[in-house]
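For reference, the structure is listed below as structure tokens.
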């Protein structure tokens, strides 16, 4: 078989422009049968645009896409699915008010004599849910599932289509290490069945682990392709950003001074967390670690007044507080960046200007009328200080890359000058370049005396950024480890509830 015959997909000189932005510029890409081919690049590099062209979401301006020897230019994702191409998008396309069966089988619901074949759909759904290791009731509403479970339902939906090409765009962004390993096993089974996979990810180590080949895009251009056995993290990152860059910011040479206790949590209990106690000092970064479902986000939301607390006490600057809403928390100097920025933090159709200045609107409005000049000035100040890349302040925030959207949310909260900043997965779906900028910003805020509660599922981030690591397992704190004593083994031992010989030092 020739090289050409072994290819299931060829992309040749594809370009795409959105208004004044050149998203893709003469891009080439090839995919072999039964291959896992990773596509990497910073946010805004054009990865999602290329995947959307292959998957029929958008149409190319020029160039050719050849699938199974046929030049394709799908008018819709349905046409792509009919030909054997399934796409798992980074942003979930679930229907929360429908159940798992309906979401998995949407677009391919079998019927008998005019009636839906619920038994057949239920059986098929159970089969693909088992493939992704998800133990939920098929008739459960998607809105009742957490982000990790919704992500796996999306993967199951793609698997149910019996596709010959599956595009996975950050498929495990909300999965734990165990769940990611299960996903990789599913991918191996797909390879054995000669299914081809395009795997888009910002996690370089997993790309090295799972990929047969790795292609890099930068600023909408094709940079090159590496065979999996010759690729290294440094080489990939250099191709992505055009310079050497550490994924995790290096620890400061001299230790940062921390002040008195800012936040103290005593015996806090609520939904999915029990008897949680820890403290955060001024200028301290406290990492809150644990596996998905450990109760970290729920604990943080209760502190912020976004979830009810059943018992326990919260002290802010020595004063007992119990916030009935996020508004009360904000008024008392707290800010929180939630994990799901698009659902909970951003107005996607509104301009960048509006999203940046939102926290300032009460201060720059009179009689309900916003001072447009002042609003623009504030937006420009924060856009410049955080190096937000955009077409302009009037561009809709949905047009920004994931990293720049995250910076918009951060800028909004910084405008409130918080005493305590809660960051829940602040680099979720963010490329290595934007990650480094966000890490530097977090360190700078801590140096200015802001207390930081940092939630992350990425252990290297927790270990590199935190002055102290508080670990949770099944809703309870199982360890508090100083930065000097913290290792991946110790944190994982606490996160999995294992009894070990490690001495966990309370700080």
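The values are calculated or read from the model by the stated rules, or taken from the named source; none is laboratory data. Only a predicted model underlies this, so the values are computations on that prediction, with no experimental measurement involved. Note that we place each Cβ from the backbone using ideal geometry, even for glycine, and neighbour counts take in every protein chain shown.
Below is a table of values for the structure above.
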item	result
Residue in segment 47-65 that is assigned by TED's automatic domain parsing to the domain that holds residue 166, part of a loop (DSSP other than H, G, I, E, B), buried (at least 19 other Cβ atoms within 10 Å of the Cβ) and in contact with a strand residue (DSSP E or B) (Cβ under 6 Å, 6 or more places away or on another chain) present	yes
Test: residue 383 is assigned to a loop (DSSP other than H, G, I, E, B), touching a helix residue (DSSP H, G or I) at 6+ places or on another chain (Cβ under 8 Å), outside the structural domain of residue 171 (by TED's automatic domain parsing) and farther than 19 Å from residue 284 by Cβ	no
Search result, residues across segment 402-428 that are surrounded by fewer than 22 Cβ atoms within 10 Å (Cβ to Cβ) and on the phi > 0 side of the Ramachandran plot	417
Test result for residue 275, surrounded by fewer than 19 Cβ atoms within 10 Å (Cβ to Cβ) and either at pLDDT below 95 or farther than 30 Å from residue 419 by Cβ (or both)	no
Residue in segment 339-349 that is crowded, with 17+ Cβ neighbours inside 10 Å, modelled with pLDDT of 80 or more and in contact with a strand residue (DSSP E or B) (Cβ under 7 Å, 6 or more places away or on another chain) present	no
Search result, residues across segment 443-494 that are in contact with a strand residue (DSSP E or B) (Cβ under 6 Å, 6 or more places away or on another chain), under 17 Å from residue 259 (Cβ atoms) and assigned to a helix (DSSP H, G or I)	446
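Residue-wise test of (1) over 30 Å from residue 309 (Cβ atoms); (2) in a strand (DSSP E or B); (3) within 25 Å of the chain's Cα centre (by Cα); (4) modelled with pLDDT of 95 or more.
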residue	(1), (2), (3), (4)
235	yes, no, yes, no
243	yes, no, yes, no
248	yes, no, yes, no
251	yes, no, yes, no
257	yes, no, no, no
267	no, yes, no, yes
